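Comments concern the structure below.
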Amino acid sequence: MREKIIELKGITKIYPGVIANDHISLDIEQGEIHSLAGENGAGKSTLMGILYGLNQPDEGSIYLRGKEVRFHSPKDSIASGLGMVHQHFMLIPKFTVTQNIILGMEVGSRLKIDYPKAEREVRQLSEQYGLGIDPSAKVSELSVTMQQRVEILKILYRKAEILIFDEPTAVLTPQEIDEFCDILMRLRDSGKTIIFISHKLAEVEKISDRVTVIRRGKVVCTKPISEVNQAELARLMVGREVIMGGGERVQVDNSEVLLDLNNLSYKTRQGVQKLHQIDLQLHRGEILGIAGVDGNGQEELENIICGKLHPSEGSLTFKGEDISQMGVKEIKKKGVGVIFEDRHKDGLVLDFSVKENLVLGFQDQRRFLKYGAFLDRKKVDQNAQKLQEDFDIRCGSLDDPAGKLSGGNQQKIIIAREMSANPEMIMAIQPTRGLDMGAISFVQEKLVEARNAGKGVLLFSLELDEILQVSDRIAVLFKGRIVKVLKNEGITKELLGQYMLGVDGEEDIDEAVNR
Amino acid sequence: MLSALSYIVLATIRLGTPIAITAMGATISERTGILNIGLEGIMSMGAFLAVLGSYWTGNPWFGVLLAVLVGVVISAVHGFVSIVCGGAQGVSSQALVLLATGFCSVGLQAIFGQKGMSPTVNTIATTEFLRPIPLVGNILADFSPIVYIALILLFVCNFVLFKTPLGLRMCACGEHPRAAETAGINVGAMRFLGVLISGFLGGLAGAFLSVGQMNLFQEGMVAGRGYLAMGAIIMGRWTPTGAFAAAMCFGLFDAVQLYIQIIPNSPIPHEFVQMIPYVASIIVLALTIKGATGPAASGQPYSKISGTR
Amino acid sequence: MKQSTAERPPSVTAKERPTKKFKKPSSEKLRAMGLECSISLIAFALSIITGGIILAILGVNPLTAYASLFKGALGTPSAIAGTINRMIPIILAGLAIAVGRKGSVFNIGVEGQLIIGALLGCLAGIYLKLPAIIHLPVCLLCGMLGGMAWAFIPAWLRLKKNVGVVFTTIMFNYIAKFLLTYLVISVFVTSGGQLSATEKMQDTARLPALIGRPYNINSGILIAVLAVIVVYIFINKTKWGYEMRATGINKNASGSAGINVDRNMFLALLISGALAGLGGCLEIHGSVFRMFADYSPGYGPTGIAVALLAKSNPIAVLLTAFLFGAMRNGAALMQMSTGVSSEFVSIVQGLIIIFVCSENFIRYLMKKAQKRGVAHA
């Protein structure tokens, strides 16, 4: 048996009203890839935050190579040989790669940074692990994959022996994930210990030596990967069977085109072409999934459809009416409901009560007003009660600020609100991000329900699983172009992944589809 | 004509220097992520304390020392509120202005028994050791040493911000504090340092106004220069050099204003002439602001405890 | 922020129940309000104590100073009357700041808007010849328009050029002061002995006294209270107020919901300016009756402290304005009897802002004290 390099004993972390970590004990062996699996909100990130010194545990202790340690800040843990690649990259866009990497560990004298030397060191390190990074590039100009490699370099530069990866594959395509896994194996073979946090079981199974499953803040089990399979892991993670895909689909008439994008292009004010001649039709009674690696024009496309931006060229019509120059409010009035990606930023006013949030965006509609200017409290209350029942929003009181609710219930508020206006089309942007399985299946059910009722649903998601589970058709966005529109029949993740990377190879792929 | 030009140039340097010193300090503070619109107050406290120090000891340099100290102390209050407590930075720094106006006014009466202005004190209005230099010696010597200190500070600020490890770390805190923290940097300490530097320089600028340029303290003598420094930061795109140049531009407006005032029989009412610096700075800022983006996390509270807020 | 979105730990109260139909007694809400109040109170008390320490350092006995301050503010009926008159413009200044903050605009330009409003209202009072019934309303309207106009350019610059409101409004304060001096001295100067003031306004333009001599409480207080009620209703009950509040808390979400964020910020600043202008007017038409060239009452900065201490709640502004009216009114007597400059009030105001801003720290201390209390019990 190998040496235990890290032992966590009885780690407990309590947030107001929530036990994030409940006496978690676990040990990591020298030179292994140890996966930490669990669904969103299970407490994985909190645990790793504690190990890395970002948070302090309320109880419990950490042993490093048999000695008890306390990390008051990342500074301590870095000094002890830990390094962490965060889910949201901790990179400063305005800095160069070198500046980002040496930050806090600058080379040269205390008075002057020796940039040439630093760049040499970074380049050398990059070559050593085959990462292919240009040390003088600005981080804001790098792709997501490259940024992730900068993060890896950052911790290698700090001579980390124990590397923690927090959901590193969430933003990558299947092909990129393969490359990433290779990098991880290479790191392990060079003697590093790796902790891999993920809720994606395929990768967990592929690269781990051992896996620990966490559910609701508690350790369910720790096992060598050879003793479990994906299905079993899924059951352990969620604690019960969950069927994804949103339930039954009925045959609906989907001949009518609702939203029609024709030859649509968008250029930023700085002259950067973000969208190129997009042709896309959304029909009634279908879910059209938009797949693509983050940053390939999704944001611009979303913003144009919801009215925050206007296309520079081409046409955008909804039910035959030109909406390309309309603002958010007008488009909303036409019958487009939007479920925004970031609940806290775009979806909710967290300090407003649940009730108030349930009329956000509809506050000037006659159904909530009296005398044309005053919000009618009775009608607002009735609306809230009805939606609470229909959508099973769980909260202490409808007067509670929305910020007090769990992520799943916050998302329910948004969906309830957008559906309450009975829109004809719904644009859902990453609607299940950060939710646990129960909430995810709820959201997916509601989307399918809308589809079955003859509405059009446009689904933007970075999760290929979700796209494949829910969509009727799939469009792939790559560098601002729609590279392919496919029927969701017999498509594999790998195939989609190829399109997402802009790989053409028309024939092979068509063959694959026909098979 | 030449004399008009030279008058304006010299006055520009004199009037631009206090704004420049303050603006450089505030640039550093904003680079670490802390907004300090209370510099107006710090400057007037500095001006007042400088006179007080000179009055007590007869040595204006002691006044300068007192001024920078008080600048550091008050900005520490702002630092405490905005860094430790996560309070609203804009509002908190406005409190410094109130505190300072109140303190100077109360202090004037309590210490000098006078209203509105202090008695005259010893000053450091000239730099005598430069006088022997041929040709330009007399001109150079007529500036306060603080003007030269400001020039040195320009180089120091630039060097610290862009060449040293410290500068890199400070900038990181203003761009992405969480990233800085995960790199093992103490964000609070860096931000505190930034605020204290701005206080130090604000105090120095205040001292320049009272003992470097005049020989007394007068209520309202800062006259918005602390606020102009805020505009200078934006115009200068958050670099010390830029801020320095923008401050000199504001100094120029002030110099023009003074020059028009001394023209005999000027047709423009002098109240309108006095408005020039304020109106001009708004116009210039409106014209140059396009595309100016400050440090990404400037003005946003960040605390480790509620780090995700 | 991001982190918390991504990974929200599960709730301990594992099964959150859907609420029952009937309304819960909002004892929790009351408790929250109590906490807010006590934080404001503690902030106030800390400011008074710290102010006292500063006085002691300056060699003044804080107790005697505060005693004369209190006596001057509330000690006699006429002192109370003076306090009430004093609080009129302060209420409006506080409201102006509060409305701005609701719409996420920090209007430091209240001082300038108040000056211009007062000037315009005063000029209307002097030069317009109108019957009594409409003269005063027209003057007040002029004042509001004046304040609004003075806020317009900063608002416009923010909208079109994205120039920070803080910077422009401060510059406009200075410009307002010079403009006032020029207009009063060179254009509208009185023909009588006093050089740096306008004529007195006509009787038809003056606010009638609510309570006559010897107390002379002017009826401006009624208008101020009315303004508080109107602002309260506007902010909390109307759709426009809803949009403004939403904008103030979360611009992104408001924009995504189709609320025009820029327009709301623009409006918030204009309304704020109008309130400030009205405040200046009420003071001039209520008790001064003419403009002085150096009219610069400092109500703007006071308004900041008032609004902060009131947590931008219009009703609470009424209370905190009373507090500050009392302080400013009492400061005159304090200056006379102890020699401490009446500007001491500014120090206290600054301290209040600082302590209110550090409420997190006060909360923290209170929690600690509570814990200790529990431990002792």
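Read-outs throughout are calculated quantities, based only on the coordinates presented, and are distinct from any laboratory measurement. Predicted, not measured: the structure shown is a model, and the values here were computed from it. Counting neighbours? That spans all protein chains shown, and the Cβs are built from the backbone with ideal geometry, glycine included.
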Given charges at Cβ of Lys, Arg, Asp, Glu: segment A:4-238 dipole, positive-most of A:SER143, A:GLN30, A:LEU111: A:LEU111
Would you please state which residues of segment B:289-303 a label at A:HIS88 would reach in this model, taking the label point 7 Å out along Cα→Cβ and a backbone N cut-off of under 17 Å? B:296-303
Can you compute the modelled spin-label distance between B:ALA76 and B:LEU287, with each label point 7 Å from Cα toward Cβ, in nm? 4.4
Can you tell which of B:PHE48, B:PHE80, B:PHE112 shows the greatest fluctuation in a Gaussian network model of chain B with Cα springs below 10 Å? B:PHE112
Cβ-Cβ FRET estimate between B:PHE272 and C:SER191, R0 fixed at 22 Å, reported to 0.05: 0.40
Fewest-first ordering of A:GLU300, A:GLU141, B:GLU181 by Cβ atoms within 10 Å yields A:GLU141, A:GLU300, B:GLU181
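Would you mind finding the longest exposed-site-free stretch of chain C, with exposed trypsin sites (Lys or Arg not before Pro) meaning DSSP loop and at most 10 other Cβ atoms within 10 Å? Provide the component values of the computation, followed by the final result.
Working: sites that count: C:LYS15, C:LYS20, C:LYS21, C:LYS129.
It runs C:130-377.
Please report the antiparallel percentage of DSSP beta bridges with both residues in the protein assembly as shown, rounded to the nearest 5. Present the calculation step by step, with values, prior to reporting the outcome.
Values: 53 of 89 bridges.
Taking every DSSP beta bridge with both residues in the protein assembly as shown, the antiparallel ones total about 60 percent.
Residue by residue through B:184-191, how many Cβ atoms from other chains fall within 10 Å of the Cβ on average? The partial results should precede the final answer.
Details: counts 12, 5, 3, 1, 0, 0, 0, 0.
Other-chain Cβ atoms within 10 Å of each residue's Cβ, averaged: 3.
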Over segment A:369-477, what relative contact order in percent results from Cα pairs under 8 Å that are six or more residues apart? 20
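Given R₀ = 30 Å, what would the calculated FRET efficiency be for B:GLN300 paired with A:ARG269, taking r from the Cβ atoms and rounding to 0.05? Can you show the working numbers first?
Details: r = 25 Å, r/R0 = 0.83.
Efficiency, rounded to the nearest 0.05: 0.75.
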Taking chain C as a Gaussian network, where each spring joins two C-alpha atoms under 10 Å apart, which residue of C:GLY59, C:GLY147, C:GLY286 fluctuates the most? C:GLY59
Explain nothing, just the number: dipole magnitude of chain C about its Cα centre with +1 on each Lys and Arg Cβ and -1 on each Asp and Glu Cβ, in debye rounded to the nearest 20. 1740
The protein assembly as shown: proportion of alpha-carbon pairs further apart than 60 angstrom, %: 18
Most fluctuating residue given options C:LEU119, C:LEU30, C:LEU145, as computed from a GNM of chain C linking Cα atoms under 10 Å: C:LEU30
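Under a Cβ-Cβ cut-off of 13 Å, what is the net charge of the residues other than B:TRP238 that fall near it, where Lys and Arg count +1 and Asp and Glu count -1? Walk me through the numbers before you get to the answer.
Details: positive: A:LYS94, B:ARG31, B:ARG237; negative: B:GLU30, B:GLU175.
So the environment of B:TRP238 carries a net charge of +1.
In peptide A:369-378, how many Cβ atoms from other protein chains are near each Cβ within 10 Å, on average? The partial results should precede the final answer.
Details: counts 2, 1, 1, 2, 7, 9, 6, 1, 1, 0.
Going residue by residue through A:369-378 and averaging, the value is 3.
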Taking the Cα centre as origin and putting +1 on Lys and Arg beta-carbons and -1 on Asp and Glu beta-carbons, what dipole magnitude results for segment A:235-362, to the nearest 20 debye? 300
Where N is the number of residues in chain A, Cα Rg divided by 2.2 N^0.38 Å: 1.04
What is segment B:13-222's relative contact order, in percent, from Cα pairs under 8 angstrom and six or more apart in sequence? 42
Could you work out the equivalent-ellipsoid semi-axes for segment C:87-333, taking the square root of 5 times each eigenvalue of the Cα gyration tensor, largest first, in whole Å? 30, 20, 16
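Order these by the 10 Å Cβ neighbour count, fewest first: C:ILE97, B:ILE276.
Numbers: C:ILE97 31, B:ILE276 19.
Ranked by crowding around the Cβ, least crowded first: B:ILE276, C:ILE97.
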Chain A: relative contact order from alpha carbon pairs under 8 Å, six or more residues apart, as a whole percent, is 15
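Summarise the partner chain shielding of B:273-281 as one whole number: the mean count of Cβ atoms from other chains within 10 Å of each residue's Cβ. Intermediate results must be reported in sequence, preceding the final value.
Numbers: counts 1, 6, 8, 1, 2, 10, 5, 1, 3.
The shielding value for this peptide is 4.
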Each label point is 7 Å from the Cα along the Cα-to-Cβ direction; what then is the distance between the points at A:SER143 and C:ARG372, in nm? 6.0
What trypsin sites (Lys or Arg not before Pro) does segment A:140-188 have in DSSP loop regions with at most 11 other beta carbons within 10 Å? A:LYS159
Can you grab the distance from the C-alpha centre of segment B:199-258 to the C-alpha centre of segment B:1-43, Å, no decimals? 3
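Which of A:PHE460, B:PHE208 comes first, and how do the rest follow, when ranked by fewest Cβ neighbours within 10 Å? Present the calculation step by step, with values, prior to reporting the outcome.
On the way: A:PHE460 23, B:PHE208 30.
Lowest to highest Cβ neighbour count: A:PHE460, B:PHE208.
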Ellipticity estimate at 222 nm from DSSP helix runs (n ≥ 4, -39,500 (n - 2.57)) divided over chain C, nearest 500: -23500 deg cm²/dmol
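Mind giving me the FRET efficiency for B:LEU69 and A:ASP76? R0 is 45 Å, r the Cβ-Cβ distance, nearest 0.05 is fine. Intermediate results must be reported in sequence, preceding the final value.
Numbers: r = 34 Å, r/R0 = 0.76.
It comes to 0.85.
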Inter-site label distance for A:ARG366 and A:SER226 at 7 Å from Cα along Cβ, in nm: 7.3
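Can you give the extra length, in nm with one decimal, that the chain gains between C:ARG31 and C:LYS160 once fully stretched, where that is 0.36 nm per residue apart less the Cα-Cα distance? Show your work: numbers first, answer last.
Values: separation 129, 0.36 × 129 = 46.44 nm, distance 4.36 nm.
That pair, C:ARG31 and C:LYS160, stretches by 42.1 nm at full extension.
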For segment A:268-381, using Cα atoms only, the Rg and Dmax in Å read 17.0, 50
